[in-house]
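Working notes, structure below.
Nothing in this text is a laboratory measurement; each read-out follows from the coordinates by a stated rule. The structure displayed is predicted, hence computed values, not measured ones. Using ideal geometry, Cβ is built from the backbone for each residue, glycine included, and neighbour counts are taken over all protein chains shown.
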């Protein structure tokens, strides 16, 4: 049973774990090499000092891990240890350099974060409903794993076990590759005349959204996972070369675009599991307060569940286009209802 | 004054123009080489036959343009002509092969579309609030340009003049490059174990959203604009090579990610003009009908204007995270109001 936890690293993740645990009655001591970060994290979590914690959590950049492990195992020789970094095999290799440590060290990776870091952005519910990956080595002690699973469950996350190598290959593909691609596409926009940029649509915005990420965080992640990333970038480069060489041949261009559509179809729906096919219901509204509320009241009255919503404001106009994502049944039901009471609903598209 | 228009091509764009014009009292004849498409478009637009149209609109793939121009100038020797294709210099070159035509031919490109094509998806308001680019040649007759500007304004779009070459360079950068990048990134997902795909987050979804596009449409567009696209892809390839060669050097990785962030900052906000800095207000709600309506009613009561909304459903949980995009003032106002009446609002983040 978890009752005392020491968290080394008082950034967004460390402090959010601390907040979540304190809310559940667990004693938490926050530590940071930066005195002001530590002071803030302690203020937020109650500021207790913990002796003989069952669990010590490393929530700091992997590059600083080895040194901190050394001092922490000296202070807490009985504790279980875990880290929360974005890349795992490197952590496994570092842990192996400490004799006997790997039986009570759990490399983990919570799939949660925010656009901004720091203790001041921390949230007790940051991990609720998120996946939290564990990559235990075969010699991991069952009681250490139990403690970590208890922590993950307490914070409302869903534990998933993977090998460290599988983890790193998976995140390289689903997270690090898109980050690098978005950044490099966005880099091409430098120096573009602003009149051209005014023509940009949602496609460019979506494709480059994550290019706004922090390079200090990402240089660490990319560097730590460079072996996996390198393979993927070389594969992307081969496909890019093929596209360049195919520009004179529409049939070959079509093949590459079609292959992309097939790849995209592998991405599951927002709820996890099989990708859901939503119906989209576009509604033109006056761009003024009260319109959205009125629509959602109708949704509630009709027992219709809105899965997602897009708002498009027409530049220089007083109307806005709302597109609701709904199940096919709900879309049909809502479409005829809203039309019958005078809303400007457009034909359902799938 | 526009009173009679002939539209050659009864797909999404052609039929949407037809619908919009008919709604404004203009006689429209829809034509298509495919009898069923023509029949549907005529049903939708009133099915009249037009003699001596002031304007003939080509709304068909550029690859079929030359042949259609030939027959249309024979039938309508007095008309002004325009096309609506996504790439313009190629059209200019084709028009120049017809002696005297360029004075009364306007190459144009409406910045509007939908995920699905065909007359059945057409909407009279497809162009409302959209930009519509004209790329007139220097010898263009003023009365021809007037007619086209009248059409664009009638349909609620905002005309923008560019040279054909500038247009093609601009759309290569803001539209064709992101499409190709999204497709090639998505292509890398093929063969990925589905357990790995379950870990995918919003970053991958956004980066690859447009990879779902239709390859039949895009092979035409990419092929037509291959000169501009080739340059951009080579530049992207150089940056990709540099990233691959920098994987051992965190400082160089950071430089490339930072350059991407700078490029992204060139993208203007949704309303056009300078990018707006929104504040984001996260609210945890029960995932059941009525919650969104209640929130929007509070927004209306507080005179708060919601600029955008994101809904995140936690897998396997009964709560959802709503993030409202608001002006900083509205966010502060709404945050304290909602908190005071018991909503689960999280600290404002910018």
Quick one: among B:241, B:153, B:323, which has the greatest mean-square fluctuation in a GNM of chain B with alpha-carbon springs under 10 angstrom?
B:323
Select from A:229, A:75, A:311 the residue whose mean-square fluctuation is largest in a Gaussian network model of chain A (Cα-Cα springs shorter than 10 Å).
A:311
List the distances, in nm and shortest first, from the label point of residue B:340 to the matching label points in every other copy, placing each point 7 Å from Cα along the Cα-to-Cβ direction.
4.0
How much length would be gained if the chain were fully extended between residue A:153 and residue A:96, taking 0.36 nm per residue of separation minus their Cα-Cα distance, in nm to one decimal?
17.8 nm
Theoretical gain in end-to-end length, residue A:286 to residue A:1 [0.36 nm per residue, Cα-Cα removed]:
97.0 nm
Sorted by Cβ density within 10 Å, fewest first, the residues A:261, B:104:
A:261, B:104
How many angstrom lie between the Cα centre of region A:94-132 and the Cα centre of region A:204-226?
19
By how many degrees, between 0 and 90 and to the nearest 10, does the Cα long axis of helix B:35-45 differ from the longest principal axis of chain B?
80
I'd like the orientation of helix B:65-75 relative to chain B: the angle between its Cα long axis and the longest Cα principal axis, in ° from 0 to 90, rounded to 10.
40
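Taking neighbour counts of Cβ atoms within 10 Å as a proxy for exposure, in what order, fewest first, do A:308, A:83 appear?
Details: A:308 16, A:83 24.
So the residues, fewest neighbours to most, are A:308, A:83.
Using the count of nearby Cβ atoms within 10 Å as a rough guide to exposure, how do A:6, A:42 rank from fewest to most? Write out the running numbers ahead of the final one.
Details: A:6 25, A:42 21.
Result, fewest neighbours first: A:42, A:6.
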Quick check: convex hull over the Cα atoms of the protein assembly as shown, volume per residue in Å³, rounded to an integer?
154
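Given just the C-alpha atoms of region A:279-345, how large is their convex hull per residue in cubic angstrom?
On the way: hull volume 4.7 nm³, N = 67.
With only Cα atoms used, region A:279-345 gives 71 Å³ per residue.
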Report, for residue A:235, each distance to the same residue's label point in the other copies, shortest first and in nm; define the point 7 Å along Cα→Cβ.
2.8
Sorted largest first, extent of region A:134-247 alpha carbons per principal axis (Å):
61, 31, 23
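When the helix-only estimate is applied to chain A (DSSP H runs of n ≥ 4, each -39,500 (n - 2.57), divided by the residue count), what is the mean residue ellipticity at 222 nm, nearest 500 deg cm²/dmol? Please report the intermediate quantities before stating the final value.
On the way: 14 runs with 155 residues, N = 350.
Result for chain A, helices only: -13500 deg cm²/dmol.
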Where the convex hull is taken over the Cα atoms of region B:41-123, what is its projected area averaged over directions, in nm²?
6.1
Testing the spin-label approximation: label points 7 Å from Cα along Cα→Cβ at residue B:310 and residue A:308. State their distance in nm.
1.1
FRET efficiency, 1/(1 + (r/R0)^6) with R0 51 Å, evaluated for residue A:327 and residue A:214 via beta carbons
0.85
Would you mind giving the three semi-axes, in whole Å and largest first, of the ellipsoid equivalent to chain B according to its Cα gyration tensor?
43, 28, 20
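Once R0 is set to 30 Å, what does the formula 1/(1 + (r/R0)^6) return for the Cβ-Cβ distance between residue B:165 and residue B:33, expressed as a FRET efficiency to the nearest 0.05?
0.50
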Out of all DSSP beta bridges with both ends in region B:4-162, state the antiparallel percent to the nearest 5.
15
Using Cα atoms only, what is the angle between the long axis of helix A:328-340 and the major principal axis of chain A, expressed in degrees (0 to 90) to the nearest 10?
50
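Rounded to two decimal places and with Rh computed the Kirkwood way over Cα pairs, what is Rg over Rh for region A:4-162?
Working: Rg = 14.1 Å, Rh = 15.3 Å.
That ratio equals 0.92.
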Once the label point is set 7 Å along the Cα-to-beta-carbon vector, what list of distances in nm do you get between residue B:67 and its counterparts in the other copies?
7.2
